[in-house]
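Reviewing the structure listed below.
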Amino acid sequence: MILLAIPLGMFFGFSLYYVGATKPSKIINMLRLKDLSLAKIILGAIGFGSLAIGIIGVLNLFPTAHFEIKPLNLGVLLGGLIFGIGFGLVGSCPGTAMASLFTNFKHAIWVILGGIVGTLTFSSSYAAS
């Protein structure tokens, strides 16, 4: 099952590239409400993913018990705020940065390194709370 992640990840990355989500200017224009084409694609993907997870759960193809809403805490709020501000300023998120690694390396590598630092910071502070 884990080997399925490789072609699915490649398809996801190509899809991001194809719709222009690897271009920071496209994301920033979406966030500024100037170009909503990318927002429509994201909403469609959320709908498709929700439907797919629902079908997977009904057919019992793999355990979905861990697909639950996690409790809200200060760390989640602060992390979401930091992520959102960074997303808006840089025009990239972890998925789009990985997809643009070969087309816009200098931009993507900083986003990826920032994600790693953020993950390590969160992980080290999570046990303390």
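The values are calculated or read from the model by the stated rules, or taken from the named source; none is laboratory data. All values reported here derive from a predicted model rather than from experimental measurement. Here the Cβ is made from the backbone with ideal geometry for all residues, glycine too, and neighbour counts use every protein chain on show. Side chains included, ligands, DNA and RNA excluded: accessible areas come from the protein's heavy atoms. Shrake-Rupley method; radii C 1.70, N 1.55, O 1.52, S 1.80 Å.
So the values come out like this:
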| read-out | value |
| --- | --- |
| Within region 1-13, considering residues that are assigned to a helix (DSSP H, G or I) and in contact (Cβ under 8 Å) with a residue 60 or more places away in the chain, the one nearest to L89 (Cα to Cα) | G13 |
| Subset of region 14-25 (residues that are in contact (Cβ under 8 Å) with a residue 24 or more places away in the chain, touching a helix residue (DSSP H, G or I) at 6+ places or on another chain (Cβ under 7 Å) and surrounded by fewer than 17 Cβ atoms within 10 Å (Cβ to Cβ)) | Y17 |
| Selected residue (only one of L33, L43, L38 is of a type outside the set (G, A, S), open to solvent by 40 Å² or more (accessible area, probe 1.4 Å) and in a helix (DSSP H, G or I)) | L43 |
| Residue match in region 45-60 (condition: in contact (Cβ under 8 Å) with a residue 60 or more places away in the chain and not hydrophobic (A, V, I, L, M, F, W, C)) | no |
| Residue within region 105-113 that is assigned to a loop (DSSP other than H, G, I, E, B), under 23 Å from L8 (Cβ atoms) and touching a Leu at 6+ places or on another chain (Cβ under 9 Å) present | no |
| Only listed residue being assigned to a helix (DSSP H, G or I) and either modelled with pLDDT of 90 or more or not small (G, A, S) (or both), chosen from F62, F102, F87 | F87 |
| Residue within region 63-76 that is touching a helix residue (DSSP H, G or I) at 6+ places or on another chain (Cβ under 7 Å), open to solvent by less than 100 Å² (accessible area, probe 1.4 Å) and either hydrophobic (A, V, I, L, M, F, W, C) or within 24 Å of M10 (Cα to Cα) (or both) present | yes |
| Set G57, G84, G118: member being of a type in the set (G, A, S) and closer than 24 Å to L8 by Cα | G57 |
